[in-house]
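The values are calculated or read from the model by the stated rules, or taken from the named source; none is laboratory data. Since the structure is predicted, the reported quantities are computational estimates derived from the model, not experimental observations. Here the Cβ positions follow ideal geometry from the backbone for every residue, glycine too, while neighbour counts run over all protein chains shown.
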Amino acid sequence: MKLYEYTAHQLHTMLTEKKVSARELAESTLQRVRNLDENIKGYVTVTAEQALAQAKAVDEKIARGEEIAPLAGIPMAIKDNICTTGIKTTCSSKILANFVPPYDATVMQKLQAADGVLIGKTNLDEFAMGSSTENSAFFTTSNPWDLERVPGGSSGGSAAVVAADEAVWALGSDTGGSIRQPAAYCGVVGLKPTYGRVSRYGLIAYASSLDQIGPLTKDVTDCAFVLKAISGHDPKDSTSVNSAAPDYTKALVNDVKGLRIGVPREFFVAGMDEEVRAAVMAGIEALVRQGAVAEEVSLPHTDYAMPAYYVIAPAEASSNLARYDGVSYGYRGEGDDIVAMYKRTRTEGFGAEVKRRILLGTYALSSGYYDAYYLKALKVRTLVKQDYDRAFEKYDVLITPTAPSAAFKIGEKSADPIELYLQDVCTIPINLAGIPGISLPCGYTRSGLPIGMQIIGQAFSEETLLRVAYTFEQNTDFRRKPSLKGV
Amino acid sequence: MAMPPARLVVLLVQSTLHGHFSSGIIIFIMVKYVLLRKVKRMKLTREDVLNVALLSRLEIRDDEIENVTRQFNDIMQHVDRLNQVNTENVRPTAHALPVCNVLRPDVRQTSLPREKAMANAPLAEDGFFRVPKIVEG
């Protein structure tokens with residue numbers, strides 16, 4: 001087994017037992033990136049120099065006999081919408097193509113303090129708007145399981161580099177499914193924490209009431225370690241919850257006896273891929289064999305989550321992205337007066353999907369339409385959330401597919417925005433409700449593509465999600481690696 | 001209600017001339033038609049989209065406008081499904097968790113030094129951002 005193939009928790013043991021150095025780990029991973037990334041195209045920026053310097057510092061700590069953090073010396077990748085001091089943070093947008101943040105996101109500060117080794121910044125759909133990375137202004141990332149297919153999105157770069165062993169783990173962000181859906185497409189574990197669990201300070205805003213940072217990892221144990229490292233209250237994010245985060249690694253218990261699983265019937269609708277449905281059902285049965293109890297439940301407003309999301313998220317985006325005016329940072333277009341300059345800057349700087357959502361959001365918030373669209377969507381959001389509140393009175397978790405199908409071909413859905421929006425139909429309601437969800441591999445299609453299962457819990461139930469996911473992982477055999485033939 | 005209003009009025013007037021309808025019924029039908037049009041959302045025209053683009057400080061090229069308008073209407077048609085939901089007496093949710101204002105003591109703190117804050121400026125001079133002239137005179 002090559003060094004880059006191990007999980008973070010395995011590598012931590014190897015580091016503390018001095019079987020391997022952080023330098024060897026960084027070099028092995030960087031070599032993997034040099035060999036593969038020409039084909040995968042997961043990274044926007046590779047930070048080789050910093051990685052080797054950070055690794056050196058960890059090796060010195062180990063040599064001095066100091067205790068090291070669980071993620072110390074482990075190669076990581078960060079989605080390119082999370083600010084990193086002195087390292088370009090582009091959002092995969094022309095408008096931020098040369099933006100070098102003067103400060104670190106809070107999650108980066110925590111990971112620097114934990115001695116994580118940054119390998120690079122990963123590709124995304126521009127401003128995290130999309131489900132395939134095809135909206136990146138730079139290039140489309142390939143799915144390591146089939147290079148002609150998308151890795152999902154918007155955190156497609158992060159999911160692809162973890163699946164291809166170009167990083168041991170990665171951070172993504174999730175506004176409507178952007179961690180969980182690419183995790184499903186690439187066969188890795190992805191968790192969207194409860195809204196407010198992880199600080200959003202330094203995460204470039206898309207839709208502030210929905211955005212949340214979370215881990216993409218090779219297994220559930222690593223997911224718990226990363227979540228533990230990034231969680232907690234942050235005075236710089238007024239929506240971060242003011243309570244201490246529990247030790248998520250203690251939740252890694254192989255036991256679901258008596259667990260009550262609800263299976264929402266609205267998530268298994270016509271049009272869903274039959275192989276996906278069968279794999280998720282088999283996954284639920286695997287948990288039932290371990291002592292869980294499953295029954296069907298109804299979440300009647302599920303159908304209305306999508307239209308509500310496509311009012312709320314663009315409305316918030318149109319407001320958040322108003323800051324890109326060519327004045328204080330980012331791209332500037334030429335114009336004789338100030339309005340002409342704004343228009344050139346934004347027209348030349350933003351891609352088609354970002355513009356589409358700014359227009360939609362501006363319309364939904366404009367005078368005369370605010371009540372009909374924005375206020376209406378917020379009321380429907382209440383009803384969606386109440387569906388989940390009711391379900392969790394009776395069930396510990398809900399289990400659904402993560403996406404209605406496995407990874408699709410590059411270009412297959414890019415002509416019709418609505419068809420692409422439908423890829424997030426299973427993940428969007430979870431963001432509207434503000435609750436946590438984890439995706440993990442639960443099977444493969446006949447053509448060998450990974451299928452993801454989503455486990456959903458009530459607010460701040462990450463420990464339950466991790467326990468259920470861990471039990472599933474321990475009692476099944478779906479953790480596999482892509483063959484990467486022809487690369 | 002696919003018939004254009006002008007054509008409908010012409011038909012109704014013709015019918016009246018031939019004695020098929022009393023004038024009371026005509027008024028009733030015309031009022032009902034107008035009301036129905038109000039319930040069914042008007043499709044956005046290219047002018048509507050151009051107006052939203054101006055508010056958004058975006059330009060849409062002539063060769064793009066047709067496609068943008070069509071996609072805009074497709075998405076809004078999808079969004080209109082929200083009208084199937086009864087939201088009477090439902091309170092809006094802006095944030096999923098009950099959040100309230102967070103305050104800190106009003107104590108002076110250090111902030112980014114000016115040169116760092118301005119390092120990404122497209123155009124700067126003497127510690128100021130340079131922009132095209134805003135105020136005349």
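Scanning region A:419-445 for residues being hydroxyl-bearing (S, T, Y), at pLDDT 95 or above and surrounded by fewer than 24 Cβ atoms within 10 Å (Cβ to Cβ) gives a total of 2. Return a yes/no flag: does region A:179-195 have any residue that is touching a Lys or Arg at 6+ places or on another chain (Cβ under 8 Å), surrounded by fewer than 24 Cβ atoms within 10 Å (Cβ to Cβ) and assigned to a loop (DSSP other than H, G, I, E, B). No - not one qualifying residue is present in region A:179-195. Hey, among A:Q50, A:Q54, A:Q109, which residue is crowded, with 16+ Cβ neighbours inside 10 Å and free of Cβ contacts under 8 Å to residues at least 40 places away in the same chain? Answer to the selection: A:Q109.
When A:Y369 is tested against the conditions (1) closer than 21 Å to B:L50 by Cα; (2) among the aromatic types (F, W, Y); (3) within 7 Å of chain B (Cβ to nearest Cβ), the lone failure is (3).
Looking across A:L378, A:L383, A:L398, one residue alone is under 30 Å from A:L449 (Cβ atoms) and of a type outside the set (S, T, N, Q). It is A:L398.
Every residue in region B:48-102 that is acidic (D, E) and either in contact with a strand residue (DSSP E or B) (Cβ under 9 Å, 6 or more places away or on another chain) or more than 7 Å from every other protein chain (Cβ to nearest Cβ) (or both), please. Those that are acidic (D, E) and either in contact with a strand residue (DSSP E or B) (Cβ under 9 Å, 6 or more places away or on another chain) or more than 7 Å from every other protein chain (Cβ to nearest Cβ) (or both): B:D48, B:D62, B:D63, B:E64, B:E66, B:D80, B:E88. On the basis of being more than 25 Å from the chain's Cα centre (by Cα) and not in a helix (DSSP H, G or I), does A:E393 make the cut? The answer is no for A:E393. Residues satisfying the criterion are present in region A:208-218 (criterion: basic (K, R), surrounded by 21 or more Cβ atoms within 10 Å (Cβ to Cβ) and in contact (Cβ under 8 Å) with a residue 12 or more places away in the chain). For A:G232, are the conditions met, namely being on the phi > 0 side of the Ramachandran plot and within 22 Å of the chain's Cα centre (by Cα)? Answer is yes for this residue. Does any residue of region B:37-44 turn out to be closer than 29 Å to A:S208 by Cβ and either modelled with pLDDT of 90 or more or within 8 Å of another protein chain (Cβ to nearest Cβ) (or both)? Checked against the condition, which is being closer than 29 Å to A:S208 by Cβ and either modelled with pLDDT of 90 or more or within 8 Å of another protein chain (Cβ to nearest Cβ) (or both), region B:37-44 yields at least one hit. Among the residues of region A:363-370, some residue qualifies, meaning at least one is farther than 28 Å from A:S298 by Cβ and crowded, with 23+ Cβ neighbours inside 10 Å.
So, A:D416, is that one among the acidic types (D, E), over 17 Å from the mean Cα position of the chain (by Cα) and over 21 Å from A:T133 (Cβ atoms) or not? When the stated conditions are applied, A:D416 does not pass them.
Looking across region A:380-413 at every residue that is among the β-branched types (V, I, T) and more than 14 Å from chain B (Cβ to nearest Cβ), the one that is farthest from A:G130 (Cα to Cα) is identified as A:V397.
The residue list A:T400, A:T362, A:T382 contains one member that is in contact with a Lys or Arg (Cβ under 9 Å, 6 or more places away or on another chain) and of a type in the set (S, T, N, Q), which is A:T382.
So how many residues does region A:132-164 have that are among the aromatic types (F, W, Y) and either in contact with a Gly (Cβ under 7 Å, 6 or more places away or on another chain) or at pLDDT below 95 (or both)? So the count comes out to 1. If the condition is being of a type in the set (G, A, S) and over 21 Å from A:I230 (Cβ atoms), then region A:57-114 contributes A:A63, A:G65, A:S92, A:S93, A:A97.
Could you tell me which residue of region A:283-328 is surrounded by the fewest Cβ atoms within 10 Å (Cβ to Cβ), considering only residues that are within 21 Å of A:Q212 (Cβ to Cβ), of a type in the set (S, T, N, Q) and touching a residue at least 60 places away in the same chain (Cβ under 8 Å)? Per the stated criteria, the residue is A:N320.
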